[in-house]
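Inspection log for the structure reproduced underneath, given as structure tokens.
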């Protein structure tokens, strides 16, 4: 079988496609014939050696995908060959086959295709846990989401809207503001203006008449500072990532004076520590998708041979949905 391989971390242009031995599922694992894998910003960071977890080389990137169960490892009774499943893993989905722990496989509803399933895993999981478990969001809350036109931002906007919230979209490329509006944003916050520390707060006040109850912060740097200042009393800011490449520093006195909470989420910890919880959330996400309450726009699909083109969309900040790689098939 073929796999996209990283043999040396650093340059994404140097990933290769090679024939490798098919994996053998061990106890508690299943062999999946992969049909599609999604491309995420953390995948690119992993290839570059900048992510918090770097697998030993050679490895296949990819944190999510979808395919068909081909073979069962010892002790697996919850799945059978031929079952269609989404997979969510730490790495490895950029391959035609992979052995996956059964608890990382999620049977797909018949109404969802492989491309769609690959696109609605990690982004919606991250957004759901950030909103519900970390921020305890409720109907009527005003929610600010930065990097709103990326896949996690789109998922967060759609979920927040479905939960009955007012959605403010923080946008770093104003030409993509319409994407935020199409995915649930009630107001657009321009993150590119001078002095974001003050301007974000001022824009939020103009939009809401006050502040926001929840912030999902994905950018970092001075954007974080502005978002912190835009919170209402007892509001919550959830740190999700740092797409700017700048990790923010926080002055604790502001947290004290306004009584706000600052927390963070690394979704893979939930997958590793409480897979049953993740499964319950994924079932809810599937149900919302089938009911057409949420969706994930698929921006483009590529064959395996064009994986670098897929990476370039992320590197060039051209993302406006989800990028999918079709394993063994045409894009």
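How much length is gained on full extension from residue 246 to residue 174, taking 0.36 nm per residue of separation minus their Cα-Cα distance?
Numbers: separation 72, 0.36 × 72 = 25.92 nm, distance 2.05 nm.
Extending this stretch completely gives an extra 23.9 nm.
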Query - Gain in span if fully extended, residue 269 to residue 253, counting 0.36 nm per residue against the direct Cα distance - result: 2.8 nm
Query raised in the report: Under a GNM of the chain (C-alpha, springs under 10 Å), which listed residue has the highest mean-square fluctuation: 292, 309, 205?
Result: 292
Query - Most mobile of 65, 170, 82 in a GNM of the chain (Cα contacts under 10 Å) - result: 82
Report summary line: Simple SL model, points at 7 angstrom along Cα→Cβ for residue 8 and residue 261; separation in nm is 4.7
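When the helices in the chain are scored as -39500 (n - 2.57) per DSSP H run of 4 or longer and the sum is shared across all residues, what 222 nm value do you end up with, to the nearest 500 deg cm²/dmol?
Working: 11 runs with 100 residues, N = 331.
My calculation for the chain gives -8500 deg cm²/dmol from helical runs alone.
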Query raised in the report: Could you put 136, 103, 128 in order, starting from the residue whose Cβ has the fewest other Cβ atoms within 10 Å?
Result: 136, 103, 128
Report summary line: Pseudo-spin-label distance residue 54 to residue 20, built 7 Å along Cα→Cβ, given in nm, is 1.8
Query raised in the report: In which sequence would 34, 250 go, from the one with the fewest C-beta neighbours within 10 Å to the one with the most?
Result: 250, 34
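With 10 angstrom as the radius, rank 216, 44 by how many other C-beta atoms surround their C-beta, starting from the fewest.
Values: 216 31, 44 19.
Ascending Cβ contact count within 10 Å gives the list 44, 216.
Taking Rh as the Kirkwood radius computed over C-alpha pairs, what is the Stokes-Einstein D of the stretch 1-145 at 10 °C in a medium of viscosity 1.306 mPa s, expressed in µm² per second? Show your work: numbers first, answer last.
Values: Rh = 16.2 Å.
Estimated diffusion coefficient is 98 µm²/s.
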Query raised in the report: Taking Cα atoms, how many degrees apart are the long axis of helix 151-162 and the longest axis of the chain, rounded to 10 and kept between 0 and 90?
Result: 60
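Considering only DSSP beta bridges with both partners in the chain, what is the antiparallel share in %, to the nearest 5?
Working: 30 of 55 bridges.
So the antiparallel bridges in the chain amount to around 55 percent.
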Query raised in the report: When the chain is fully extended, how far beyond the present Cα-Cα distance does residue 182 get from residue 308, taking 0.36 nm per residue of separation?
Result: 42.5 nm
Query raised in the report: Based on the Kirkwood radius over alpha-carbon pairs, what value in µm²/s does the Stokes-Einstein equation return for the translational diffusion coefficient of the stretch 123-266 at 4 °C and 1.567 mPa s?
Result: 90
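Since every read-out is calculated from the coordinates, none of them should be taken as a lab result. Note that the structure is a prediction, hence the values are computed from the model and not measured. Every residue, glycine as well, gets a Cβ built from its backbone with ideal geometry; the counts of neighbours run over all protein chains shown.
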